[in-house]
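K.L.:
One structure is given below, represented as structure tokens, and several questions about it will come after.
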Amino acid sequence: MSQKASCFRSLTFALPTVKHLLSSVKAVVNYAPEPKSVEIRDLPEPQIGGSDVLLQVAAVGVCGSDLHQWTADHSWQVNYPVVLGHEFGGTIAALGDQVEGWSEGDRVVSETAAVIDPNNPMSRRGLYNLDPTRKGFGYGVHGAMTKFVRVPARCLHRVPENLPLEKAALTEPCSVAYNAVINNSALKAGDRVVVLGPGTIGILCAAVARLSGAEVAVVGLPSDAARLEIATHYGCEVVVGDPTEWARARDGLGADGIIDAAGVSATLRLALEIVRPAGWISKVGWGKDPVGFSLDPLVQKNVTLQGSFSHNYPVWESVLALLSSGALDVTPIMGLITGLEDWEEAFETMHSGRIVKAVLQP
């Protein structure tokens, strides 16, 4: 996720060219690599290019990666100063002169791949999320914890009328989970699956696995009690501490699959211990520390270890269909909906583990 600050000069906030907007906007800005270097600042409105839209943000989710940048324990390069927020939805306020198929007032959500190289081999395959030059909202370019955000029109998806924007804003974490479970695992109906980490992504992975017909246990620590309780709303069992007994309960060999959604590297060792021979591990959680143990069990057990990063267009369309049909309901994870000025309360409450997800409404 490396990048140089010079790559972003054309993407920073500039003087407005769109009429009827305010002269400046409040934004939650991560301004330095030191812990707690986040504050509300007044910024000029963003200027859009010909292939962009100006999106008026209705709701923006607080992601674990926002918290990691706030606490400065993240493992990716950040283009400081940057407006946080990459889970968002709203309405189109203005259109670039090259944009077709969209109108002012359309309700939309946006993917996170703000900058891609369309000629990169991965982009040409439709896997632009894996383009090494990709830069995302909230760390590479300005994100959506503000009133207006510049969005390339190619990132947009239309929000069904029956889906409220505060729920639609969570399409992004749902897409991360969908990609990890549906596209990047070998899950089959009836599998016994352990999810490590009861954060937003872990619980949503568990929910998608349950929709796919798996038995699921979500694993956490005693301090995760409130979040583990949320997992039960999705028909999951919960395990506090060591999940070995649950993983081996069927025939003693271990779980069919492990979804490692914890934000530390050490959980991969546990995953290798409790997965059955010829089983699978889908690793979606980031961890900046070295692994520090032997991977021989991966070989000895003939286990498939698959990383899962981000998402692409068809994933978003599938998730929006699930959200609008009610098959996937994000209501249980939405522990706090509040204004942008209360961003610190939202961050603190999520970081403490008292809630799964906070949503800000600028």
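The values are calculated or read from the model by the stated rules, or taken from the named source; none is laboratory data. Note that the structure is predicted; figures quoted are calculated from it, not measured. Here Cβ is always computed from backbone atoms with ideal geometry, including for glycine, and neighbour counts include all displayed protein chains.
K.L.:
Going through 57, 62, 83 one at a time, which residue ends up being hydrophobic (A, V, I, L, M, F, W, C), over 14 Å from the mean Cα position of the chain (by Cα) and under 23 Å from residue 352 (Cα atoms)?
P.N.:
Unique residue meeting the criteria: 83.
K.L.:
Taking strands (runs of 3 or more DSSP E) that fall entirely within the stretch 156-260, which contain at least 3 residues that are buried (at least 24 other Cβ atoms within 10 Å of the Cβ) and at pLDDT 95 or above?
P.N.:
Strands (runs of 3 or more DSSP E) meeting the threshold: 192-196, 215-220, 255-260.
K.L.:
Turning to a different aspect of this structure: Residue 58 fails exactly one of the following numbered conditions: (1) out of contact with any His (no Cβ under 9 Å at 6 or more places or on another chain); (2) farther than 21 Å from residue 37 by Cβ; (3) buried (at least 24 other Cβ atoms within 10 Å of the Cβ). What is the number of that condition?
P.N.:
(3)
K.L.:
For residues that are within 14 Å of residue 309 (Cβ to Cβ) and touching a residue at least 12 places away in the same chain (Cβ under 8 Å), scanning just the stretch 117-134, find the one that is surrounded by the fewest Cβ atoms within 10 Å (Cβ to Cβ).
P.N.:
Looking at residues that are within 14 Å of residue 309 (Cβ to Cβ) and touching a residue at least 12 places away in the same chain (Cβ under 8 Å), I get 132.
K.L.:
Could you list, in sequence order, the residues of the stretch 77-91 that are surrounded by fewer than 24 Cβ atoms within 10 Å (Cβ to Cβ), in a loop (DSSP other than H, G, I, E, B) and either touching a Lys or Arg at 6+ places or on another chain (Cβ under 9 Å) or of a type outside the set (A, V, I, L, M, F, W, C) (or both)?
P.N.:
The answer is 77, 79, 80, 81.
K.L.:
In addition: Just wondering, is there one or more residues in the stretch 34-57 that are free of Cβ contacts under 8 Å to residues at least 12 places away in the same chain and not in a loop (DSSP other than H, G, I, E, B)?
P.N.:
Scanning the stretch 34-57, I find at least one residue that is free of Cβ contacts under 8 Å to residues at least 12 places away in the same chain and not in a loop (DSSP other than H, G, I, E, B), so the answer is yes.
K.L.:
Do we have residue 34 as closer than 25 Å to residue 321 by Cα, surrounded by fewer than 17 Cβ atoms within 10 Å (Cβ to Cβ) and out of contact with any Ser or Thr (no Cβ under 9 Å at 6 or more places or on another chain) here?
P.N.:
No, not satisfied.
K.L.:
Return yes or no: is residue 286 within 16 Å of the chain's Cα centre (by Cα), in contact (Cβ under 8 Å) with a residue 12 or more places away in the chain and assigned by TED's automatic domain parsing to the domain that holds residue 199?
P.N.:
So residue 286 passes the test.
K.L.:
Here's another thing I want to ask about it. Do you know which residues across the stretch 23-50 are in contact with an Asp or Glu (Cβ under 9 Å, 6 or more places away or on another chain) and among the polar types (S, T, N, Q)?
P.N.:
If the condition is that a residue be in contact with an Asp or Glu (Cβ under 9 Å, 6 or more places away or on another chain) and among the polar types (S, T, N, Q), then 23, 24, 30 are the ones that fit.
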